[in-house]
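As structure tokens, the structure follows; a few thoughts come after it.
The values are calculated or read from the model by the stated rules, or taken from the named source; none is laboratory data. Everything quoted here is computed from the prediction, not taken from an experiment. Cβ coordinates were reconstructed from backbone atoms using ideal geometry, including for glycine residues, and neighbour counts include every protein chain displayed. Side chains are part of the model used for accessible areas, which takes the heavy atoms of the whole protein and leaves out ligands, DNA and RNA. Shrake-Rupley method; radii C 1.70, N 1.55, O 1.52, S 1.80 Å.
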Amino acid sequence: MKKPSALVKAVYHEHIARFGEPAQSIRYEDAPIGSSTAVPAFVDVMVWPTDEELDITSFATIGMSDREMAKPGERAELHFSLEGDVDPQTTGKITLFLANLSLYPFINHSHLDWWHVIPEAGHIPHFTDMRSVLIHPAFVEDGWSHISHEAQSVKILNVVPITRQELEVYRASGIEGLQRYFEQHDINLFAPR
């Protein structure tokens, strides 16, 4: 088992400082079968359940940032938030989905950034019939967007499932049109729709 780099340790400690100890952490270490592409040695997916203050279950990858994406200097970790409690079986499926999604930029020799859309992200647990995701920046002004360690910066990329209709709005009107659609329809980004 590979030991985490200083950067990955810093990312982990920043998450603990902000969220506290996770209720669960699952490590994924297996590279895609038959792939010769360099991917992170491991990705941990940490889970924080709802609490008295926040009715959101939060997930975060730790380890994706160990490798730069195709754009030099670009490193990231994924966050995924759901309204309400999530049962253990769905939690396990979501952690696997996020671990797989964290490999997307490496396998596709690309990078992920805020306002990117992945039209075919695969089955998204808990979000029936939704297969596309929007990569969202912080949800609130002055929200958490980066982790800095020495000379390296890691972006926090929030994964938001979107419907086929929302994907079509994005394709027709760009990100500004999709943001207007969310506002006009009072879309809850943390719940299935």
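Within segment 126-141, no residue that is among the aliphatic types (A, V, I, L, M) sits with its Cβ atom under 7 Å from a residue that is outside any loop (DSSP other than H, G, I, E, B) and at pLDDT below 95 at 6+ positions apart or across chains. Per this entry, GLU83 is counted among residues that are in contact (Cβ under 8 Å) with a residue 12 or more places away in the chain and either farther than 22 Å from ILE118 by Cα or charged (D, E, K, R) (or both). So which of PHE97, PHE106, PHE19, PHE42 ends up being out of contact with any Lys or Arg (no Cβ under 8 Å at 6 or more places or on another chain) and open to solvent by less than 40 Å² (accessible area, probe 1.4 Å)? Exactly one residue qualifies, and that residue is PHE97. Considering segment 100-140 alone, what residues qualify as being in a loop (DSSP other than H, G, I, E, B) and among the hydrophobic types (A, V, I, L, M, F, W, C)? Hits for segment 100-140 are LEU112, TRP114, TRP115, ALA121, ILE124, PHE127, MET130, ALA138, PHE139, VAL140. Suppose we keep only residues that are buried (at least 19 other Cβ atoms within 10 Å of the Cβ) and farther than 21 Å from ILE175 by Cα within segment 128-159. Which one would you say is nearest to the chain's Cα centre (by Cα)? Filtering first and then ranking leaves VAL154. If you go through segment 170-193 and keep only what is part of a loop (DSSP other than H, G, I, E, B), out of contact with any Ser or Thr (no Cβ under 6 Å at 6 or more places or on another chain) and among the hydrophobic types (A, V, I, L, M, F, W, C), you end up with ILE187, LEU189, ALA191. Does GLU77 satisfy the criteria of being surrounded by fewer than 17 Cβ atoms within 10 Å (Cβ to Cβ), closer than 30 Å to ARG193 by Cα and touching a residue at least 40 places away in the same chain (Cβ under 8 Å)? The answer is no for GLU77. Considering segment 180-193, and only residues there that are of a type outside the set (A, V, I, L, M) and under 28 Å from LEU96 (Cα atoms), the residue that is most open to solvent (accessible area, probe 1.4 Å) turns out to be ARG193. When TRP115 is tested against (1) within 14 Å of VAL43 (Cα to Cα); (2) in contact with a His (Cβ under 8 Å, 6 or more places away or on another chain); (3) aromatic (Phe, Trp, Tyr); (4) in contact (Cβ under 8 Å) with a residue 40 or more places away in the chain, only condition (1) is not met. The residue pairs whose first member lies in segment 52-65 and is over 12 Å from VAL159 (Cβ atoms) and assigned to a helix (DSSP H, G or I), whose second member is open to solvent by less than 10 Å² (accessible area, probe 1.4 Å) and small (Gly, Ala, Ser), and whose beta carbons are closer than 9 Å, counting only pairs six or more residues apart or on different chains, are SER65/ALA76.
Taking the conditions exactly as written (in contact with a strand residue (DSSP E or B) (Cβ under 8 Å, 6 or more places away or on another chain) and open to solvent by less than 10 Å² (accessible area, probe 1.4 Å)), does LEU112 satisfy them or not?
yes
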